[in-house]
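What follows is a set of notes on a single structure, which appears directly below.
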Amino acid sequence: MAGRMGFMPNNEEEMVVTPWTVSGKIDYSRLVAEFGTQPITEELLKRIEKHAGEMHLQLRRGIFFSHRDLDWILDMYESGLKFYLYTGRGPSGPVHIGHMVPWIFTKYLQDKFDAKLYFQMTDDEKFLVNPDFELKDSTGFAYDNALDVVATGFDPKKTKIIMDVKDSGLLYKLALQIAKKVTFSTVKATFGFNESSNIGIIFFPAIQAAPAFLESALTGVNVPCLIPAAIDQDPYWRVTRDVAPKLGYFKPAQIHSKFLPGLGKGGKMSASLPETCIFTVDTPEVAEQKLWNAFTGGKPTVSEQRRSGGDPFICPIYYYEYYLFEEDDEKLKEISIRCRSGELLCGEHKLALAEKVKKFLKEHQKKREKAKDILNDLLFDNP
Ligand code: TYM
């Protein structure tokens, strides 16, 4: 299965963005137009900042760039009706740091808006779409990946992780009601299913839709839901939003992020090409080696690089700073200027980023170990 690719201007492949494949040169404005979402405006950013007290770097830097009904969620919040958050992971292997981009942002929203979070682990989805998987493979990854979720730092008192297969009883009634309102022709048009698609994956969108109504279904009152995720998950939300009024629920709101590029040429990131991703379980040494081997678009010789400079906008090393590892906007600007002028050489920059990534991994892996002790508290109590 293909992974997420970046948005490198030198990539001429046609853009494909579905929940299972992201490839080609990503044109985010085109996605907003084609998916029918809204760009995040300055006014919305100010409203978030007013409530949160600070603007997360993923908002400041336009990494979260698009939304549906975010203004409505804020209207509700301002009128005293709090929203809950819903996000998730398809456990098909170890977690890479791209997956953590929306999770880190979700934690910010949870902290600042004091919001409850449902986190869905779709071990069913990944079993259905991976021809080589047995159910125990994706379920195994679900428990492993849940350690990364806990290590992200969500509030254990306000967070519940839904393990789809284990918690089928929790979701099934709701999924049935959703499924009854969605035709094959809708999911065919939305997801590209065809005669050869297995019937499990044709039903599955109802399972991914269910947590968007779960809080309302469990409490018996309508609760607004906000879903932070990269924009590849949007087809699920289109179906979910169509069904919502038919079942008497609020349409869930979304806030969409861009994709952290991989380390390969053209920003290619694919879990099946491990050298293009930093996994959260990589040893610091392995991560350093991957960064060292990354494509940067740098010139073949030092003197050429010094003379013509680099281009941060085709360089994953720069994007890793931009998305995750350099919080200080001034320092980020300096990196970009020094790269362009040829003062900062690619090798030097790779080593500097590797230090930050290694520090992050060491800390994250400690938290992952500790997560083993509390994971159970975040799971639903089901027989
Ligand atoms: P999955 O496992 O493909 O991805 C998990 C989350 O990571 C986002 N993502 C990325 N974000 C930034 N940069 C990247 N390179 C990158 N790659 C992936 C995805 O958009 C997602 O937010 N079907 C889902 C699981 C799911 C879910 C949800 C996700 C169930 N319910 C609700 C989000 C919200 C999946 O397979 O995600």
Kirkwood Rh over alpha-carbon pairs of the chain, then Stokes-Einstein at 20 °C and 1.002 mPa s: what D in µm² s⁻¹, rounded to an integer? 99 µm²/s
Please give the net charge around P131, taking every other residue with its beta carbon less than 14 angstrom from that of P131, where Lys and Arg add +1 and Asp and Glu add -1. -3
Cα centroid of the stretch 281-311 to Cα centroid of the stretch 231-278, whole Å: 28 Å
Per residue of the stretch 248-260, in order, report the coupling 6.51 cos²θ - 1.76 cosθ + 1.60 (Karplus, θ = phi - 60°) as ³J(HN,Hα) in whole Hz, putting x for Gly and Pro. x, 9, 5, 5, x, 8, 10, 10, 10, 9, 7, 9, 5
Relative contact order (%) - criterion: Cα under 8 Å, at least six apart; region: the stretch 194-351: 16 percent
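Using only the heavy atoms of the protein chains and a 1.4 Å probe, how would D234, D328, D381 rank by accessible area, largest first? Present the calculation step by step, with values, prior to reporting the outcome.
Working: D234 0, D328 60, D381 150 Å².
Most to least solvent-accessible, the answer reads D381, D328, D234.
Consider all pairwise Cα distances in the stretch 1-157 and report the whole-number % of them above 19 Å.
63 percent
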Magnitude of the Cβ-charge dipole of the chain, K/R +1 and D/E -1, about the Cα centre, nearest 20 debye? 280 debye
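About the Cα centre of the stretch 135-270, what is the dipole size in debye to 20, counting +1 per Lys and Arg Cβ and -1 per Asp and Glu Cβ, all else neutral?
Numbers: 16 positive and 11 negative charges, 64 e Å.
Dipole about the Cα centre, nearest 20: 300 debye.
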Ratio of the Cα radius of gyration of the stretch 146-266 to 2.2 N^0.38 Å, where N counts its residues: 1.16
Inter-part gap, Cα centre of the stretch 322-383 to Cα centre of the stretch 169-226, in whole angstrom, is 35 Å
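Out of every Cα-Cα pair in the stretch 94-219, what percent are more than 16 Å apart? Show your work: numbers first, answer last.
Numbers: 5255 of 7875 pairs.
Of the Cα pairs, 67 percent sit more than 16 Å apart.
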Under a 5 Å amide H to amide H cut-off, with H placed in plane at 1.01 Å, what residues pair with A230 once short-range neighbours are removed? S257
Placing +1 on each Lys and Arg Cβ and -1 on each Asp and Glu Cβ in the stretch 167-310, then taking the dipole about the Cα centre, the residue among I202, P235, G169 whose Cα reaches farthest towards the positive end is P235
How long are the three semi-axes of the equivalent ellipsoid for the stretch 189-240, computed from the Cα gyration tensor as the root of 5 times each eigenvalue, in whole Å, largest first? 25, 14, 7
Which Cα, out of A244, T296, A217, lies furthest along the positive dipole direction of the stretch 199-328 (beta carbon charges, K/R +1, D/E -1)? A244
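In debye, nearest 20: dipole of the stretch 10-155 around its Cα centre with unit charges on the Cβ of K, R (+) and D, E (-)? Display every interim value, and only then the final one.
Details: 15 positive and 24 negative charges, 93 e Å.
Here the size comes out at about 440 debye.
The values are calculated or read from the model by the stated rules, or taken from the named source; none is laboratory data. Treat the numbers as computed from the prediction; the structure is a model and nothing was measured. All Cβ positions, glycine included, derive from the backbone under ideal geometry; neighbour counts span all protein chains shown. Ligands, DNA and RNA are stripped out before the accessible areas are found, and what is left, the full protein with its side chains, is counted by its heavy atoms. Shrake-Rupley method; radii C 1.70, N 1.55, O 1.52, S 1.80 Å.
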